[in-house]
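Asker: I have a structure here, written as structure tokens, and I will follow up with some questions on it.
The values are calculated or read from the model by the stated rules, or taken from the named source; none is laboratory data. In this text the structure is predicted, and so the values were computed from the model without any measurement. Virtual Cβ from ideal backbone geometry, glycine too; neighbours counted across all protein chains shown. To get the accessible areas, we keep the full protein, side chains included, count just its heavy atoms, and leave off ligands, DNA and RNA. Shrake-Rupley method; radii C 1.70, N 1.55, O 1.52, S 1.80 Å.
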Amino acid sequence: MDDLTFHAETLLTHSGREHNQMGGTVNVPVYRASTLLFPTVSALQSVQGTLNTYGRHGSPTTRSLERVLCDLEGAAGAMLTPSGLSAVTTALLANLQPGDHLLMTDSVYDPTRAFCNKTLKCFGIETTYYDPLIGADIAQLMRSNTRVVFVESPGSLTFEVQDVPAIAQVAHAHNAIVIIDNTWGTPLHFASFKHGVDVSVHAATKYIVGHSDVLMGVIMTTEEQYPKVRAFYKHLGISVSSDDAYMALRGLRTLAARLDRHQSNALAVIDWLKCQPEVESVLSPALPGCPGHELWKRDFTGFNGLFGVIFKPLPESAVSALLDGMNIFGMGYSWGGYESLIIPANPSAYRTATSWNAHGPLIRFHIGLEHPKDLIKDLDQAFGRLRKLNNR
Ligand SMILES: *Cc1c(COP(=O)(O)O)cnc(C)c1O
């Protein structure tokens, strides 16, 4: 929808539905097509240079999803990718050349780090990691060949909120751009482009899809960035299926309602966790004491179900005692679906520019849409297993 004065909930419900309503359907159909046919030579010629020549360049289904995402985050253009990681790597490659320098937050999603350390390195692109809490002091790390500053705010394992506007101001003054991994923020809770970001990437796999059944990424850009990134994306031959786009669009429609419930459920579980003597601290940007909490209050409009819990020092076997035998919580490497997940994490294995100083284990929680009392009961039993082990 063109009218950006609508609230997010209204955009989520109505944007991206400007299809020709075949049969009067509410939803845009799944357009399965590689080949598009043209009745005349002049019709064929008239679409040259547009996205309407061939199936790889998208369909009404994929374009509807792109439309909603742009409307929500305030982007000039969007491109869908087959995974969140491919959105990250495509956005980086579109903006870096041999001899360039990249500044990367030390809190970044580990597969992004692996891409920098292996693939970008082979391409002659150097990466320097920086403390996520560096703010405007990033100026000290800028070099004449620094082209990209990459932020992930908050980090999806350790939850430091970054001062994105301060970092963007420094980057732009040095002729570099800012790419954000905005997966945690979602297009609803962090307005990247208002905060100085040039390119925003998401693992749509998480809250946008929201149902743990589709892998997808999205790259969104400013007007200025769009032609270059779109051309690069096109040259790489990246394309997603309309079936997957349909599923993502279907999930996306309920994003605001789901996030509200993820938030309130997470708060209920956090309140309970904070009262357990084994818990050292809870890492959620919404809580005072979480690094960058003041920045979260300034820049974000909400949080969600993903947070970390640092435990007091525990014996080796304690984490297994806690996590083995959960009834409701599943153990898996993802988040953003409707279901609750719990997983042990070890940030010290990844860090290079900063160190992770927690003495006890870190466990990451994703609170789903179950009733919080049932989740707390499951956790109460888990802490019971832990205490039994400790008392032996
Ligand atoms: C999951 C995730 C990704 C990668 O998304 P995939 O769809 O699994 O490739 C990237 N960044 C963050 C912060 C993530 O949580």
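Asker: Place a label point 7 angstrom from the Cα of Asn327 along the Cα-to-Cβ direction, then list the residues of region 354-371 whose backbone nitrogen is under 18 Å away.
Answerer: 368-371
Asker: With a ≥ b ≥ c taken as the square roots of the eigenvalues of the C-alpha gyration tensor of region 166-257, please select rounded if a/c is under 1.5 and otherwise prolate if a/b is larger than b/c or oblate if it is not?
Answerer: It comes out oblate by the Cα gyration axes.
Asker: Which one, Ser239, Met216, Thr35, is farthest towards the positive end of the dipole of region 8-252 when Lys and Arg carry +1 and Asp and Glu -1 on their Cβ?
Answerer: Thr35
Asker: I'd like the Karplus ³J(HN,Hα) series for region 112-117: coefficients 6.51, -1.76, 1.60, θ = phi - 60°, whole numbers in Hz, and an x wherever there's a Gly or Pro.
Answerer: 5, 4, 4, 4, 5, 6
Asker: Oh, and also: How do the peptides 64-75, 110-121, 375-386, 281-292 rank, highest first, by the average count of neighbouring beta carbon atoms within 10 Å per residue?
Answerer: My ranking of the peptides, most packed first, is 64-75, 281-292, 375-386, 110-121.
Asker: Next up: With +1 assigned to the C-beta of every Lys and Arg and -1 to the C-beta of every Asp and Glu, and no other charges, what is the dipole magnitude of the chain about the Cα centre in debye, to the nearest 20?
Answerer: Approximately 600 debye in magnitude.
Asker: Obtain the nm distance between the two label points defined at Lys234 and Asn390 by a simple spin-label model: each point lies 7 Å from its Cα along the Cα-to-C-beta direction.
Answerer: So the label points at Lys234 and Asn390 sit 6.1 nm apart.
Asker: While we're on this one: In the chain, what percentage of the DSSP-assigned beta bridges are antiparallel, given to the nearest 5?
Answerer: If we restrict to bridges inside the chain, about 55 percent are antiparallel.
Asker: For a quick protection proxy, order the peptides 327-338, 236-247 by their average other-Cβ count within 10 Å, most packed first.
Answerer: Those peptides, ordered most packed to least, come out 236-247, 327-338.
Asker: Here is a follow-up. How many lysine pairs does the chain hold where the Cα atoms are under 17 Å apart and the two sit 8 or more places apart or on different chains?
Answerer: Taking the chain as the scope, the lysine pair count is 6.
Asker: Roughly speaking, what % of Cα-Cα pairs in the chain are separated by over 36 Å, rounded to a whole number?
Answerer: Value for the chain: 27 percent of Cα pairs lie more than 36 Å apart.
Asker: Mind listing the long-range amide H neighbours of Val151? Cut-off is under 5 Å, sequence gap 5 or more, other chains count too, H placed in the peptide plane at 1.01 Å from N.
Answerer: Ile179, Ile180, Asp181
Asker: For the chain, what does the accessible surface come to per residue with a 1.4 Å probe? Please give it in Å².
Answerer: 44
Asker: Largest first and in whole Å, give the semi-axes of region 15-153's equivalent ellipsoid, each being the square root of 5 times a Cα gyration tensor eigenvalue.
Answerer: 39, 19, 13
Asker: Related question: What figure, in Å² to the nearest 10, do you get for the accessible area of Cys122 with a 1.4 Å probe and non-protein molecules left out?
Answerer: 120
Asker: Arrange the peptides 174-181, 344-351 so that the one whose residues have, on average, the most other Cβ atoms within 10 Å appears first.
Answerer: Highest mean packing first, the order is 174-181, 344-351.
Asker: Suppose only helical runs count, i.e. DSSP H with n ≥ 4. What mean residue ellipticity at 222 nm does that imply for the chain under -39500 (n - 2.57) per run, divided by all residues and rounded to the nearest 500 deg cm²/dmol?
Answerer: The helix-only estimate for the chain comes to -10000 deg cm²/dmol at 222 nm.
Asker: Spin-label point model (7 Å from Cα, Cβ direction): what's the Ser144 to Glu126 distance in nm?
Answerer: It works out to 1.3 nm between the two label points.
Asker: For region 359-375, what does the Karplus curve 6.51 cos²θ - 1.76 cosθ + 1.60, with θ = phi - 60°, yield as ³J(HN,Hα) per residue in whole Hz, taken in order and with x for Gly and Pro?
Answerer: 7, x, x, 9, 10, 9, 10, 10, 8, x, 9, 5, 6, x, 5, 6, 5
Asker: When the label point is put 7 Å from the Cα of Asp374 along its Cα-to-beta-carbon vector, which residues of region 303-338 have a backbone N closer than 17 Å?
Answerer: 326-331, 337-338
Asker: Assuming R0 = 51 Å, can you tell me the calculated FRET efficiency for the pair Thr25 and His359, based on Cβ-Cβ distance, to the nearest 0.05?
Answerer: For Thr25 and His359, the calculated efficiency is 0.35.
Asker: Now for a different question. Compute, for region 36-124, the length of the dipole vector about the Cα centre, with Cβ point charges of +1 (Lys, Arg) and -1 (Asp, Glu) only. Units Debye, rounded to 20.
Answerer: 260
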